[in-house]
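No lab work stands behind these numbers, since they all come straight from the coordinates. Quick caveat, the model's predicted, so the values are computed rather than measured. Quick reminder, even Gly has a Cβ in these numbers, built from the backbone with ideal geometry, and neighbours come from all protein chains shown.
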Amino acid sequence: MEGRDLCLIDQRLLPHALKILRLSTYPEAIAAIREMAVRGAGTIGVTGGFAMAQAALAAPAGGGFWQEVERAAGAIAAARPTAKNLSYAVDRVRAAMKGAPGIEEARRRAVAEGQAVYDDDARMTEEIAKAGLSLFQGRRSVLTHCNAGWLAYPGWGSALAPIYLAHRQGQSVFVYATETRPRSQGAKLTSWELTQAGVPHALIADTAAGHLMAKGEVELAVVGADRIAANGDTANKIGTYTLAVLAREHRIPFYVAAPSPTFDAECPSGDLIPIEERDEKEVLEVSGLLATGEAATVRMANPGTCAKNPAFDVTPARLITGFITEQGIVEPNAQAIGRFLHSR
Ligand code: MRU
């Protein structure tokens, strides 16, 4: 955050252009989250935390200050429904402001807490990188889905964090990145991140995963998460569930990398996780760069055909081998998750 401005990468333009968006107000931050200029559970969360700080800085100092902050908190938390990190960050900033002995102090606390959410998240991803490192001993090829790198979670990212560390330490790692239709976060973002870091990888169509697993070319799967219920059921990008079923069939370890802010102790099981439905255009169209270098979106699907576009799915805990967290590997059951969340 620079003054009242929030500066962040416009992820809609990657990998073809790297542009920084400067957002001056919390409604602009909400729009950036909704339109997916910023995306990924952790990045949405820290954006929400800073948006709360923007709301506190802009709210009038008179009697309406706290009402305005509450109104903003509701609107920010509702910008996207599935990722737990968003309401986590909003609640943290709101709680830090409560009890402040004056509006100026409340504003100061909002800015400091927004920054603390960011700093804590970044530190946790460093721990995730270390915690996941042992999974690469004796294994080289790893499959990941969507984008769970540093674009999606501040610091090292979530699922990509152990991959980056293993690569940095000189271990031989090869990543299969799924394309991740309809928004193609794997093709556009994960491939870009891995290229920047020099990590060997191949992009695969989502439909190729089973074939590669059957041929023994995938030794490990690591994905991120948007919300993890108290029993371990995990919401992540649409297609994760399919990959987990395939991994079980082929006896491939399937790990979910996520820091504690992604866990939702109040949500008993995955069927209660709100699943975002997005615009059907995301399925009916594709966007990219023309040979002329111009950005374009074209209709791909049959004219007149409608689409359904759930953005996330829920992988039952029984299909998950373990959670890679800032406190090490946590077993996918309610008791182990409860112990982990109590000790943070
Ligand atoms: O719709 P998106 O791009 O925000 O979805 C992101 C994902 O599903 C990621 O895999 C998830 O946030 C885990 S990484 C923090």
Kindly state, to the nearest 0.05, the FRET efficiency for Leu57 paired with Arg299, given R0 = 56 Å and r defined as their beta-carbon distance.
-> 0.85
For Cys306, Cys7, Cys267, Cys146, ascending order of other Cβ atoms within 10 Å (fewest first) is Cys306, Cys7, Cys267, Cys146
Relative to the present Cα-Cα distance, how much length would full extension add between Arg251 and Ala95 at 0.36 nm per residue of separation?
-> 51.7 nm
Would you calculate the separation in nanometres between label points at Lys215 and Glu126, each defined as 7 Å from the Cα along the Cα-to-beta-carbon direction?
-> 4.0
Relative to the Cα centre, what is the charge dipole magnitude of the chain, using +1 at the beta carbon of each Lys and Arg, -1 at the beta carbon of each Asp and Glu, and rounding to the nearest 20 debye?
-> 320
Distance from segment 172-188 to segment 296-326 (C-alpha centre basis), Å = 13
Cut-off under 5 Å, modelled amide H: who pairs with His201 long-range = Val175
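Antiparallel versus total DSSP beta bridges in the chain: what percent is that, nearest 5?
55
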Reciprocal mean inverse distance between Cα atoms of the chain - Kirkwood radius, Å | 20.5
Cβ crowding within 10 Å averaged over residues, with 72-79, 244-251, 57-64 ranked highest first = 72-79, 244-251, 57-64
Dipole of the chain [Lys/Arg +1, Asp/Glu -1 at C-beta], most positive-end residue of Ser260, Thr242, Ala296 = Thr242
Under 5 Å, built H, 5+ apart or other chain: amide partners of Glu326 | Ser260
Going by C-beta contacts inside 10 Å, put Lys237, Lys19 in order with the fewest on the left.
-> Lys19, Lys237
